[in-house]
Every structure is written in structure tokens, then in C-alpha cells.
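Everything below concerns the one structure shown next.
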Amino acid sequence: MEKTAPPEPYRPGRAVLQGLLDLRPSLGVERAVVSVEDAVEDAAARGLAVAKVYAFASVDYPGAAQSVVLDSDGTTAVGAFDFDPSIDRTTAFTFAGGVYQIPTVPGSAFSVATVINGAGLIVGLYVDLASVLRGFANNGGTFSNLDFPGASATQVIGVNDAGQMVGDYFDGTGEHGFVSDGGTFAAIDFPGATRTSAAGINAAGDIVGGCSDATGSHGFLLQAGVFTPISFPLATRTTPFGINDTGEIAGFYSDGAGKDHGFIYAGGAFSTVDVAAARGTFLTRIKNGGLVTGVCYDALNEGHGLTGQ
């Protein structure tokens with residue numbers, strides 16, 4: 001059997017989002033193209049979703065060409081930035097008290113901090129000097145590698161306050177999601193999917209992520225061992241990325257015209273979230289108090305990290 005190779009190390013700028021957050025280019029799904037008339041018939045116009053408004057603040061690493069915020073515990077925001085989109089050098093950062101810092105990821109060619117839990121545990125992914133994609137944890141300055149057993153590449157994308165982690169890994173059969181509890185790993189594969197990735201986990205152990213199957217790319221909720229598909233109304237692709245302890249889900253979707261929007265799914269209803277005048281908006285997490293994080297792209301296609309309430 002021909003082996004499925006992991007993705008190349010993440011490229012700077014928007015590709016950090018597309019390769020990690022979006023989860024879709026690795027799923028091999030092409031962007032849909034429709035007419036302007038078709039694009040007007042969106043979910044809000046048909047009453048299938050409403051618009052939700054947040055007061056956003058930008059979080060941009062000083063001097064960076066691109067920044068993305070993947071999570072915040074309300075005090076510290078974590079993510080990644082690039083100074084020059086033409087150079088393959090994405091770097092993790094934290095932002096707290098008005099101060100930006102770069103956490104140490106030993107032996108990394110580049111790194112991304114994907115999540116921080118209530119205890120201050122920061123996890124993420126990095127490419128080591130041998131070009132291997134690996135997960136990592138930084139617990140109060142103590143660094144450790146996180147690798148799915150036997151995998152050729154591992155990404156740690158989510159963690160809850162109990163320290164349970166989710167992400168994805170690559171082996172000879174392709175891409176699979178996983179959950180890790182106390183160092184014990186278990187694979188997650190959406191039924192019938194060709195590829196699966198887990199992105200968020202809450203205190204109850206409910207997991208959200210994205211997958212690809214014969215119908216295209218969509219999201220899922222895994223709750224008490226039961227998978228539930230999640231698809232934003234009329235969207236061509238949907239990616240749930242974070243879930244809080246009350247079951248509210250944050251993520252992003254593409255509409256029929258190929259534009260990207262953030263969304264919140266709560267109480268069985270979808271809401272669209274857009275940053276005013278942005279070309280695209282992506283939400284990555286929603287916390288218990290309603291704080292959201294993500295990234296938006298401006299008219300120059302430059303990425304700006306954001307938090308919103």
C-alpha cells in the first residue's frame with residue numbers, strides 16, 4: 001500500500017491557517033465557484049442563521065506580516081506569527097499584559113502554540129531540525145514532546161483543563177484524529193471518512209474537529225462515543241475548532257462564493273461572525289465566558305490575530 005505523506009511544514013502567513021486551522025487543504029477539497037446570484041442566497045438571507053456581533057481587538061506580533069491567535073485563557077493569548085511570508089519561519093508567541101513573548105521550543109525550525117488551558121499549560125506543534133512534525137507541551141517552562149505512537153507526524157491542537165489533548169497524526173494509512181489522556185493515546189476516525197482531525201475538547205470530553213469523506217469536507221462533534229456531523233447551512237465546507245464547557249462551538253465555514261466566515265453554534269442554532277470589512281474571518285475558540293479568538297484577513301490579505309467578546 002502506498003503511504004500517505006504528512007503535509008509539508010506549514011508555510012508562513014495564511015497557510016498557517018489553511019494547513020492547521022482550516023484542515024481542508026490536507027483533505028484535498030477544492031474551493032467551490034458559483035455565480036454571484038447563487039452567492040446572494042446565503043444562510044442568513046434564508047433565515048437559517050443569524051449574524052452575531054462582537055467587539056474585536058487585534059493581537060498582532062510587533063513587526064509581523066501575519067499573526068494568528070489560536071486561543072486565550074482570558075489573560076494570555078497564544079498563536080503564531082511570521083515576519084516575512086516568503087520565508088518558511090512561523091514562530092509561536094504568547095501575549096499577556098501588553099507584552100509579547102516567544103516561548104522556547106527546543107530544536108524547532110518553526111512552531112505554533114495552538115491552545116492554553118486554565119492551568120496555564122500551553123501545547124502546540126513544531127517541526128524539528130530533522131523536518132519531523134511533532135506535538136509539544138510547555139508546562140510552566142518545562143518542555144516535553146508529544147508524539148502519537150508509531151506516527152510519522154503529530155499535531156496537538158486542543159487541550160482541556162484536565163490535560164486531555166486532541167489533535168491528529170499521520171501514518172502509513174493517512175491522517176487520523178486522536179485523544180490523549182494521561183499519556184494514553186486513542187485514534188479518532190469519523191465513520192467512512194478518508195481523513196479526520198480533532199481540534200477541540202471540553203471538560204466533559206466532548207470533541208470537535210473536521211473530516212473528509214465522499215460528500216466533501218465537514219465538521220463533527222464526538223460526544224459519549226457518538227459522532228454528529230456539523231455543517232453550516234449552505235456552506236461548502238465547515239470546520240468546528242473549539243468547544244467550551246457549555247457545549248458552544250466556534251469555527252469557520254466557506255460560503256458558495258468562496259468567502260470565509262466565523263461561526264458560533266449554540267443551542268442548536270448557527271450564527272455568522274464577521275470582522276467588519278475583512279476579506280475572511282476565522283474563529284478558533286470560544287471560552288466559557290464567551291471570549292472568542294481567531295484571525296481575519298484584510299484587503300491586502302494580511303492576517304491579524306483577534307480576540308472578541
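The values are calculated or read from the model by the stated rules, or taken from the named source; none is laboratory data. From a predicted model like this one, the values you see are computed outputs, not experimental measurements. Using ideal geometry, Cβ is built from the backbone for each residue, glycine included, and neighbour counts are taken over all protein chains shown. Protein only, heavy atoms only, side chains kept; ligands, DNA and RNA dropped before computing areas. Shrake-Rupley method; radii C 1.70, N 1.55, O 1.52, S 1.80 Å.
For residue 190, what charge total do you get from the other residues with a beta carbon under 12 Å from its beta carbon, if Lys and Arg give +1 and Asp and Glu give -1? It works out to a net charge of -3.
Hydrodynamic estimate: the Kirkwood radius of the stretch 166-226 over Cα pairs, inserted into Stokes-Einstein at 25 °C and 0.890 mPa s, corresponds to D of 210 µm²/s.
Give the Kirkwood hydrodynamic radius (Å, one decimal) of the stretch 43-109, defined as one over the mean of 1/r across all pairs of different Cα atoms. Write down the numbers at each step before the final one.
Values: mean 1/r = 0.0709 Å⁻¹.
Answer for the stretch 43-109: a Kirkwood hydrodynamic radius of 14.1 Å.
Considering all different alpha carbon pairs of the stretch 102-156, the Kirkwood hydrodynamic radius works out to 11.2 Å. Ratio of Rg to Rh for the stretch 96-198: 0.98 [Cα atoms; Kirkwood radius as inverse mean 1/r over pairs].
When the surface is traced with a 1.4 Å probe over the full set of protein chains, residue 189 keeps roughly 70 Å² accessible. Sorting 99-105, 223-229 by their mean Cβ neighbour count within 10 Å, with the most densely packed peptide first, gives 99-105, 223-229.
Compute the signed sum of charges (Lys and Arg +1, Asp and Glu -1) over the other residues within less than 13 Å, Cβ to Cβ, of residue 135.
Details: positive: 134; negative: 128, 147, 168.
Around residue 135, the surrounding residues sum to -2.
Taking amide H atoms as placed 1.01 Å from N in the peptide plane, the amide H of residue 216 has no partner under 5 Å among residues 5 or more positions away or on other chains.
Before anything else, pin down the relative contact order of the stretch 75-148: Cα pairs under 8 Å, at least 6 apart, normalised by residue count, whole percent. List each step's numbers first, then the result.
Numbers: 145 pairs, mean separation 15.4, N = 74.
In percent, rounded to a whole number, it is 21.
Shown here: the stretch 266-309, whose C-alpha atoms stretch 36, 18, 13 Å along the first, second and third principal axes, sorted largest to smallest. For the stretch 162-281, evaluate the Debye formula with one uniform point scatterer on each Cα (no solvent term) and list log10 I(q)/I(0) at q = 0.12, 0.18, 0.20, 0.22 Å⁻¹, rounded to two decimals. Debye intensities relative to I(0), on a log10 scale: -0.43, -0.92, -1.09, -1.25.
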